[in-house]
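For reference, the structure discussed in these notes is given below.
Rule-based calculations on the coordinates, nothing more; no lab input. Note that this is a predicted model, so its numbers are computed, not measured. Here the Cβ positions follow ideal geometry from the backbone for every residue, glycine too, while neighbour counts run over all protein chains shown.
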Amino acid sequence: MLSLLGIFNQLKGNTMIRYFEDEKECYVDISGKRAEIRQVSRAGIIAECQLNDLRDETGVSFSENLKLHIENEDGFGTNLFYTMLLFNLGTEICLVFLSNLDDDHVDDATDYAQMVESIPGKKFKDDGFRSSGLSISYTSNELAVVKEISLTKNIYDSIRETAQKINKLFGLKIK
């Protein structure tokens with residue numbers, strides 16, 4: 001049974017993230033556009049899309065078996081996080097911003113430990129930190145910042161808002 005928001009989205013046009021699977025194939029449609037499948041396993045499917053594909057999307061129809069992989073040339077406005085994963089946690093959408101020293105866009109002199117240590121008011125959480133509503137974890141080669149959003153929030157706007165929060169948190173300057 002569709003929610004009222006799901007019905008509204010269908011009436012509005014092709015704004016939905018849809019995952020289809022049958023015995024022969026599986027595919028993902030985002031805003032009426034077919035997404036490229038990167039990986040299929042028993043755990044689910046990973047599809048690739050562009051940030052602009054999510055401009056009118058919420059997580060209401062986002063399948064729990066689906067992960068979206070996005071790469072963005074401007075680092076989603078951060079100039080540090082050029083890769084992102086999105087997936088459904090059941091009641092929220094998880095936005096995972098990833099920065100890796102192996103990424104061609106990231107400066108080899110970047111020191112993730114120093115960046116994390118400079119964050120004021122951080123609170124320990126498991127193996128990482130929590131600050132400003134963001135969960136942060138890192139190794140010497142990789143930094144991940146996670147933000148959980150409501151299923152009804154616009155995904156594109158949430159990514160942009162979170163990128164601004166990341167810039168403030170880490171003191172990043174836009175090039």
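Observations on the model:
- Cβ-Cβ under 7 Å pairs, at least 6 apart or on other chains, the range 154-169 side more than 24 Å from E117 (Cα to Cα), far side surrounded by 15 or more Cβ atoms within 10 Å (Cβ to Cβ) and among the hydroxyl-bearing types (S, T, Y): N154/T58; I155/T58
- Among the residues listed as F20, F81, F76, the single one being on the phi > 0 side of the Ramachandran plot and among the hydrophobic types (A, V, I, L, M, F, W, C): F76
- Only strands (runs of 3 or more DSSP E) whose full extent lies in the range 55-100 are considered here, and the ones with at least 1 residues that are touching a strand residue (DSSP E or B) at 6+ places or on another chain (Cβ under 8 Å) and among the hydroxyl-bearing types (S, T, Y) are 83-88, 92-100.
- The single condition among (1) under 30 Å from S31 (Cβ atoms); (2) buried (at least 20 other Cβ atoms within 10 Å of the Cβ) that T152 does not meet is (2).
- Taking each residue of the range 24-47 that is closer than 16 Å to L86 by Cα and looking for partners that are of a type in the set (K, R) and not in a loop (DSSP other than H, G, I, E, B) with beta-carbon atoms closer than 7 Å, six or more apart or interchain, yields V28/R18; D29/R18; G44/K67; I46/R38; I46/K67; A47/R38.
- Filtering the range 47-66 to residues that are surrounded by 18 or more Cβ atoms within 10 Å (Cβ to Cβ) and over 17 Å from N154 (Cα atoms) leaves A47, L66.
- Among the conditions (1) in contact with a Phe, Trp or Tyr (Cβ under 7 Å, 6 or more places away or on another chain); (2) without any contact (Cβ under 8 Å) to a residue 60 or more places away in the chain; (3) of a type in the set (S, T, N, Q), S61 misses just one, which is (1).
- Qualifying residue in the range 105-126 (condition: buried (at least 18 other Cβ atoms within 10 Å of the Cβ), under 12 Å from the mean Cα position of the chain (by Cα) and touching a residue at least 40 places away in the same chain (Cβ under 8 Å)): no
- For the range 104-175, the strands (runs of 3 or more DSSP E) that sit wholly inside it and include 2 or more residues that are β-branched (V, I, T) are 142-150.
- Residue identified as under 30 Å from V28 (Cβ atoms), over 13 Å from the mean Cα position of the chain (by Cα) and of a type outside the set (K, R) among L172, L68, L80: L80
- Residue match in the range 85-107 (condition: within 17 Å of Q39 (Cα to Cα) and among the aliphatic types (A, V, I, L, M)): yes
- Here is the figure for the range 64-78: residues that are under 25 Å from G90 (Cα atoms), without any contact (Cβ under 8 Å) to a residue 24 or more places away in the chain and of a type in the set (D, E) total 1.
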